[in-house]
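Input: a single structure, listed below in structure tokens.
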Amino acid sequence: MNHVEALEAGLTATQAIKLDGLRHSFEVALARCYGTKLAPIICRKLTQDLILRPDVLAFLEGAMVEEIPDSIDGWDEIAREMVGKDDLAQRNLRFSNEELRLKILSEIQTSMRPAHRLELARSGELDTYLEARVLDELEK
């Protein structure tokens with residue numbers, strides 16, 4: 001039995017209901033902040049690991065905890081914090097961003113006129129041009 005399972009096994013029914021509510025808010029924050037960039041298995045792991053946070057444990061025990069957010073911005077901050085501290089989530093995000101970047105790059109290259117692409121390549125500006133266009137698309 002791992003830490004998460006051990007903690008969940010010791011929860012009362014009321015605490016389990018509270019935890020479900022917190023996890024739901026956290027899942028929504030993950031979706032809002034990262035969309036489909038995080039794999040479902042990573043989202044499940046992060047959601048399960050929410051119980052390992054000291055502020056969540058204190059809240060489940062009935063303590064008045066100011067760190068438990070009551071706003072969208074607060075939950076988004078917790079989601080970003082947990083993703084930022086999780087190595088697997090960081091690797092997953094890098095992979096997702098690279099995959100999207102390569103797709104956009106391919107679309108841009110395909111849409112360019114061959115003469116324009118050749119002109120930029122000869123002048124040594126093709127890579128700079130493509131990177132700028134990819135960044136523009138990623139920021140949209």
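The values are calculated or read from the model by the stated rules, or taken from the named source; none is laboratory data. Because the structure is a prediction, the values reported are computed rather than measured. With ideal geometry, Cβ positions are generated from the backbone for all residues, glycine too; neighbour counts draw on all protein chains shown. Heads up: the accessible areas ignore ligands, DNA and RNA and are worked out on the full protein's heavy atoms, side chains in. Shrake-Rupley method; radii C 1.70, N 1.55, O 1.52, S 1.80 Å.
Summary of values
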{"item": "Condition met for ALA31 (among the small types (Gly, Ala, Ser) and assigned to a helix (DSSP H, G or I))", "result": "yes"}
{"item": "Residues located in region 17-32, provided they are open to solvent by less than 40 Å² (accessible area, probe 1.4 Å) and of a type in the set (A, V, I, L, M, F, W, C)", "result": "LEU19, LEU22, PHE26, ALA29, LEU30"}
{"item": "Qualifying helices (runs of 4 or more DSSP H) (wholly inside region 41-132; at least 3 residues being exposed (fewer than 12 other Cβ atoms within 10 Å of the Cβ))", "result": "72-85, 87-111, 114-123"}
{"item": "Residue among ILE108, ILE72, ILE104 that is in contact (Cβ under 8 Å) with a residue 40 or more places away in the chain and of a type outside the set (Phe, Trp, Tyr)", "result": "ILE72"}
{"item": "Test for THR36: is it open to solvent by 70 Å² or more (accessible area, probe 1.4 Å) and either at pLDDT 90 or above or on the phi > 0 side of the Ramachandran plot (or both)", "result": "no"}
